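Asker: One structure, as structure tokens, below. Some questions next.
Please treat every number below as a calculation from the coordinates, not as lab data. Everything quoted here is computed from the prediction, not taken from an experiment. Cβ coordinates were reconstructed from backbone atoms using ideal geometry, including for glycine residues, and neighbour counts include every protein chain displayed.
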């Protein structure tokens, strides 16, 4: 359902005049991505696709898949219910020796209280599954990442996710944009850890690799954690054609290597990869192939060139081994 993504509007109407509304058509080989997947315009609900994805993740030596998720009734009704995918993915992950946890996506009307209800639902339904990822540092609580968590005040999160309860059955990693967020939401706040998420280096302070060692050390001193997120590049021009300032070329893997080097040297105990298959933003490490659309006016897709379709899976495997050796894991 996402391959036919439309151009997202700019907040300035004058900019939108230069980029008329456009919706991609996967039936014509036109998808909302600068790259094209080896699996084609697939459905993540397809059992064959799930199996292929798990094999790619194993090849990349991934440990945990973080799944974008809405609790039932929370997502836009025009989108399919992603919650029905969780159990099949958990079962597949278990078969392949992987784990999975949930990425709490924002929705209209989300509050800390509603997020707590979502977490409680997920813990009841999925928390005991052997493949659900749990935090060793906090006694084995199910892990959740909370995207755009900074849009809700820290004291509101603290009311719904108190840290001083004996039956705490969650471990929440909040999105951090800058040092103030790290201090307010993690070090002095309710979150167990923070993460940087964004793949465009320098897009936020927390997405600047030069800051990662400091963020890791400050969080650790408070008994918390910071998760730096590395990316192979960034290019969302086929869904945000006005966003060229944030594009980051892959440079034949050099961009990825630079970010991984900083993550390894930061001393972090966990590193996130943004992303496995966020094709719209061009951060995917999933296998990609050369392809040309049959739709008029659609330029050929980029690919990984002579590096090969699975280069970023192989490169991730290399860096995971390096990271584990450096971290003593």
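Asker: Nearest 10 degrees, 0 to 90: what angle lies between the long axis of helix 212-221 and the longest principal axis of the chain (Cα atoms)?
Answerer: The angle comes out near 20 degrees.
Asker: Another question, if that's okay. Out of 75, 219, 268, any idea which swings most in a Gaussian network model of the chain, alpha carbons joined below 10 Å?
Answerer: 75
Asker: On to the next question. Using only Cα positions of segment 129-230, each an equal point scatterer, no hydration layer, compute I(q)/I(0) via Debye at q = 0.12, 0.23 Å⁻¹ and quote the log10 values to two decimals.
Answerer: -0.37, -1.24
Asker: Can you give the Kirkwood hydrodynamic radius for the chain, in Å, rounded to one decimal and based on Cα pairs? Show your work: numbers first, answer last.
Answerer: Working: mean 1/r = 0.0486 Å⁻¹.
Result for the chain, one decimal place: 20.6 Å.
Asker: When DSSP assigns beta bridges and you keep just the ones with both residues in the chain, what percent turn out antiparallel, to the nearest 5? Don't skip to the end; give the middle numbers.
Answerer: Details: 5 of 28 bridges.
Expressed as a percentage, antiparallel bridges in the chain total about 20.
Asker: Taking the Cα of residue 289, stepping 7 Å toward and past its beta carbon, and measuring to each backbone N in segment 9-47: which are under 13 Å?
Answerer: Zone members listed by number: 36-42.
Asker: For Cα pairs less than 8 Å apart in space and 6+ apart in sequence, what is the mean separation divided by the residue count of the chain, i.e. the relative contact order in percent?
Answerer: Relative contact order comes out at 19 percent.
Asker: Let me ask something additional. So for segment 32-172, considering every pair of alpha-carbon atoms, how many percent are separated by more than 25 Å?
Answerer: Result: 32 percent of Cα pairs exceed 25 Å.
Asker: Compute the distance from the alpha-carbon center of segment 153-177 to that of segment 71-109, in whole Å.
Answerer: Using only Cα atoms, the two centres lie 21 Å from each other.
Asker: Where the centroid of each part is defined by its Cα atoms, how far is segment 183-229 from segment 1-50 in Å?
Answerer: 31 Å
Asker: Also, I was wondering about something else. Among 296, 91, 76, determine the one that fluctuates most according to a GNM of the chain built with springs between C-alpha atoms less than 10 Å apart.
Answerer: 296
Asker: Give the Rg/Rh ratio for segment 285-329, taking Rg as the radius of gyration of the Cα atoms and Rh as the Kirkwood radius, to two decimals.
Answerer: Radius of gyration over Kirkwood radius for segment 285-329 works out to 1.26.
Asker: To continue, here is another question. Where in segment 46-74 is the amide nitrogen less than 12 Å from a point lying 7 Å along the Cα-to-Cβ axis of residue 324?
Answerer: So the set is 58-64.
Asker: Using only Cα atoms and rounding to the nearest 10 degrees, what angle (0 to 90) does helix 254-265 make with the longest principal axis of the chain?
Answerer: Once rounded, the angle reads 10 degrees.
Asker: More than 15 Å apart: what percent of Cα pairs in segment 27-92 qualify? Could the numbers behind the result be given before it?
Answerer: On the way: 1342 of 2145 pairs.
The share of Cα pairs beyond 15 Å in segment 27-92 comes to 63 percent.
Asker: Starting from a Cα-only point model with no solvent, please compute log10 I(q)/I(0) by Debye for segment 164-213 at q = 0.13, 0.16, 0.19, 0.29 1/Å.
Answerer: The Debye formula, applied to the Cα set alone, gives -0.33, -0.47, -0.61, -1.08.
Asker: Compute the angle between helix 86-95 and the longest alpha-carbon principal axis of the chain, please, reported from 0 to 90 degrees and rounded to the nearest 10.
Answerer: Between the helix axis and the principal axis of the chain, the angle is about 90 degrees.
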